[in-house]
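To keep things clear, I will list the structure first and then write my remarks on it.
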Amino acid sequence: MPSVAFYTLGCKVNFYDTEAIWQLFKNQGYEQVDFEQTADVYLINTCTVTNTGDKKSRQIIRRAVRRNPDAVIAVTGCYAQTSPAEIMAIPGVDLVIGTQDREKLMSFVTDIQNDRKPVNAVRNIMKTREFEELDVPDFAERTRAFLKIQEGCNNFCTFCIIPWSRGLSRSRKPESVLNQARQLVASGYKEIVLTGIHTGGYGDDLENYRLANLLSDLDKIDGLERIRISSIEASQIDDEMIAILNSSPKMCRHLHIPLQAGNDEILKRMRRKYTTAEFAEKITRLHEAMPGVAITTDVIVGFPGETEEQFESGYRFMEQLKFAEMHVFPYSKRTGTPAARMEDQMDEEVKHERVHKLIELSERMQAAYGREWVGRVLDVIPEREAKGSEGMGLVSGYTDNYLQVVLNGDESLIGKLCRVRITDSGVNECRGELLEVARGEALPVALQA
Ligand code: SF4
């Protein structure tokens, strides 16, 4: 049986695409082996969101070539889409296919196995208007299923290379999303994470059908317990969206809303579609509509020209918003983006210092958010044995409001909806006491009184 090994860098969309590409190999009778093993084909799904992404992608490609020089080395993903010639120049690379045409991948691999002629199959993504349907009936992971609903982005924020690697916004047909959701529920998944490059942009290219409509249709699927949105822009949270988020217990009380900067001058130069006042107003309304909602965010530090005053005013602004967690990134210059051509590129040391300050703030916010839930009862879906305490009868999983909770229990709890009382909280995880397993499922023997 021929074998294939995968290595994926980057975001949830990339991980979804890799799962979909695995289906193509599986249908052709391939077995999947670990990337550290010898394989007939290596598929590297690359990322280009930062310079580090490019560098790491090249390292992994070279590692695959060394592992088996006779294998077919195939490279896909965002770095492949933006820099195919650079990748084709790496000795041993056989196939570069960008962020589209993956359904043609198997025929390229077969041709290369026959004639060993390297292929650069990258096409201009900016002309693409159709969403590439790549189905994933099940995932390696057992509890949360990623469901890709959208591709590309129309925003062109000045620091971001993604629209050039993923193209303009394209939505998956609603019935195709709903069919896959039903399939995933039938395979035992209780939680679905809606993912895309610009998830909130779902429906930009559809007639009178937006993300709020899709959420309402997904809500009707029996057996689906949780619907989580991977990320949504503040500019896409309107009354209709808030109403649907508030209408069903299935909607996770967790929203990841990228802020990127807490200063209006910087937001303007980033070409973000809101001011700090507008962003704060949306967050306030969400807290009113969904008490206890966890709002997490992304922040870029050290954008070209960011003064100490602008950083400090941003810091105070974020402090007021009481996020549940902030993902903090140092600005990374991306060739081809407007921000890369801006003057006043920041010194790496200054960036590092500011990143450190915001991470500290985020940890205080995480601890404060966790403390709010001590003593309260929440549902947790255990995903795995708790890291670092394998075999000690501890499992960990997430609540709908994205608290990671460790509780007593064994593998038999994985994937089940468990009612838990939060007994203690920390920065990255809480402790919980199992009260019951939902829907009449029996408690594991070890936990029966
Ligand atoms: S919204 Fe902005 S940051 Fe996000 S993918 Fe689009 S261009 Fe990039």
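Remarks
- Checking each residue in segment 258-278 for being within 14 Å of the ligand (Cβ to nearest atom) and under 14 Å from Ile237 (Cα atoms) picks out Pro258, Leu259, Lys273, Tyr274.
- You will find that of Gly188, Gly167, Gly203, Gly152, the residue that is away from the ligand (no atom under 16 Å from the Cβ) and on the phi > 0 side of the Ramachandran plot is Gly188 and no other.
- Per the conditions (1) assigned by TED's automatic domain parsing to the domain that holds Val299; (2) within 22 Å of the chain's Cα centre (by Cα); (3) open to solvent by 20 Å² or more (accessible area, probe 1.4 Å), the sole criterion not satisfied by Val350 is (2).
- Checking Ser313, Ser332 one by one, the residue that is of a type in the set (S, T, N, Q), touching a helix residue (DSSP H, G or I) at 6+ places or on another chain (Cβ under 8 Å) and more than 25 Å from Leu407 (Cβ to Cβ) is Ser332 and no other.
- Filtering Ala181, Ala145 for residues that are away from the ligand (no atom under 13 Å from the Cβ), over 28 Å from Met342 (Cβ atoms) and part of a helix (DSSP H, G or I) leaves a single hit, Ala181.
- Pairs where the first residue, in segment 144-172, is open to solvent by less than 10 Å² (accessible area, probe 1.4 Å) and the second is near the ligand (Cβ under 9 Å from one of its atoms) and aromatic (Phe, Trp, Tyr), C-beta under 7 Å, 6+ apart: Pro163/Phe156
- The set of residues from segment 16-37 being open to solvent by less than 80 Å² (accessible area, probe 1.4 Å) and assigned to a loop (DSSP other than H, G, I, E, B) comprises Gly29, Tyr30, Val33, Phe35.
- Exclusive hit being over 24 Å from Val355 (Cα atoms) and not basic (Lys, Arg), set Glu312, Glu308, Glu240: Glu240
- Taking residues in segment 274-302 that are closer than 30 Å to Gln345 by Cβ, and partners anywhere that are polar (S, T, N, Q), the pairs with Cβ atoms closer than 6 Å and at least 6 places apart or on different chains are Tyr274/Ser235; Ile300/Gln260.
- When residues in segment 38-60 are screened for being closer than 30 Å to Phe159 by Cβ and assigned to a strand (DSSP E or B), 4 of them pass.
- Condition met for Pro137 (open to solvent by 50 Å² or more (accessible area, probe 1.4 Å) and either touching a helix residue (DSSP H, G or I) at 6+ places or on another chain (Cβ under 7 Å) or among the charged types (D, E, K, R) (or both)): no
- Whichever residue in segment 184-214 is in contact with a Cys (Cβ under 7 Å, 6 or more places away or on another chain) and not in a helix (DSSP H, G or I) and, among such residues, is least open to solvent (accessible area, probe 1.4 Å): His198
- Arg364 being more than 26 Å from Ala261 (Cβ to Cβ), open to solvent by 20 Å² or more (accessible area, probe 1.4 Å), of a type in the set (Lys, Arg) and outside any loop (DSSP other than H, G, I, E, B): no
The values are calculated or read from the model by the stated rules, or taken from the named source; none is laboratory data. Keep in mind that this is a model prediction, so the values were computed, not measured. So basically every Cβ, Gly included, is an ideal-geometry build from the backbone, and we count neighbours across all protein chains shown. Accessible surface is based on the protein model in full, side chains and every heavy atom, while ligands, DNA and RNA are left aside. Shrake-Rupley method; radii C 1.70, N 1.55, O 1.52, S 1.80 Å.
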